[in-house]
1. Round to a whole angstrom and tell me the spacing of the C-alpha centers of the stretch 119-189 and the stretch 53-92.
2. By accessible area of protein heavy atoms, probe 1.4 Å, what ranking do 43, 36 get, highest first?
3. How compact is the stretch 82-136 by the rule of thumb for globular proteins, expressed as Cα Rg over 2.2 N^0.38 Å?
4. Could you name the lysines in cross-link range of residue 60, using Cα to Cα under 30 Å and dropping any fewer than eight places away on the same chain?
5. With every protein chain left in place, what is the accessible area of residue 119 in Å² (1.4 Å probe, nearest 10)?
6. Could you check how many percent of all C-alpha pairs in the stretch 141-266 are farther apart than 19 Å?
7. Give a residue-ordered list of calculated ³J(HN,Hα) values for the stretch 71-87 (Karplus: 6.51 cos²θ - 1.76 cosθ + 1.60, θ = phi - 60°; whole Hz; x for Gly, Pro).
8. Averaging over every viewing direction, what projected area does the convex hull of the Cα atoms of the stretch 92-201 cover, in nm²?
Amino acid sequence: MEVIITDSYEAMSAQAAKMIAQQILHKPSSVLGLATGSTPVGTYKELIRMHKEQGLDFSKVVTFNLDEYVGLPPSHNQSYRYFMDHNLFHHINVPTGHIHVPYGHAESVLDFCAWYESEIKRYGGIDIQILGIGGDGHIAFNEPGSSLGSRTRLKTLTQETITDNARFFANMDEVPRFAITMGVGTILEARKIIMLANGSKKAKIVAEAIEGPVSSQVSASALQLHRDVVVILDKEAASKLKRADYYKWVYDQKAKLMPALIGKAT
Ligand code: GLP
């Protein structure tokens, strides 16, 4: 696992966008795994800027989003599809047919989940997966207790997640109780994973996920089992890491001696 501690949310976002852009330049038909939440918004803004100002081309890119609320149509302004359209897809040239976001109104959630998994495989798997982290340590909507081998499925949200998300809805009763989410096992099959976190609110759970034991109680801790994970943090989110000085030292050494290795887990 490589941990990069940046000075600010903007620096974290720029670093993540640079890695995604490098992936697209290296393989124009890259399959991107995308996340919602406030954390990746800056990364998406930077990718939009690169598209508009530098011609970063998404015409061959394929995307798979991590999750979606059950019961919200894609047109609902709190659905993850709506979020992605407005924060990224409408501002870049990714073809609509290349975009996959779990469908929260599927007639059979079971069939939909099996289809989603098979589509990811049909496109050759995810090249680079972007993740945020929930207050309870979840990645996507893999709430505490999710099997570390889980696949795309229906998940009941915890009360903590429902409360966290209530800020986006008119009242608590409107917040969905269920979601379709890629499983931890699905996520771990991505070839490369970038997890982002910012702000002091995330410091404790980030430390548990990176330096604590691997446990289904903190699904992000499963990333310790993956061989190519880069965690990019701002300094507030990194403030409870015991080995922060070592991570900074590693980064500085690479920057000085082997800059091409930054962003490659070693
Ligand atoms: C939701 C999403 C996660 C996201 C998390 C954190 O639960 N399902 O994918 O990582 O929110 O959100 P934020 O980035 O707003 O802190």
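1. Measuring centre to centre over Cα atoms gives 16 Å.
2. Numbers: 43 0, 36 20 Å².
Ranked from most to least accessible, the order is 36, 43.
3. Compactness ratio reported: 1.32.
4. 18, 27, 45, 52, 121, 192, 264
5. 20
6. The answer is 57 percent, as a whole percent.
7. My calculation for the stretch 71-87 gives x, 9, x, x, 7, 5, 5, 10, 6, 5, 5, 4, 4, 5, 4, 7, 9 Hz in order.
8. Details: hull surface 33.9 nm².
Here the figure is 8.5 nm², rounded to one decimal.
The values are calculated or read from the model by the stated rules, or taken from the named source; none is laboratory data. Everything numeric here is computed off the predicted structure, so don't read it as measured data. With ligands, DNA and RNA removed, areas are computed over all heavy atoms of the protein, side chains included. Shrake-Rupley method; radii C 1.70, N 1.55, O 1.52, S 1.80 Å.
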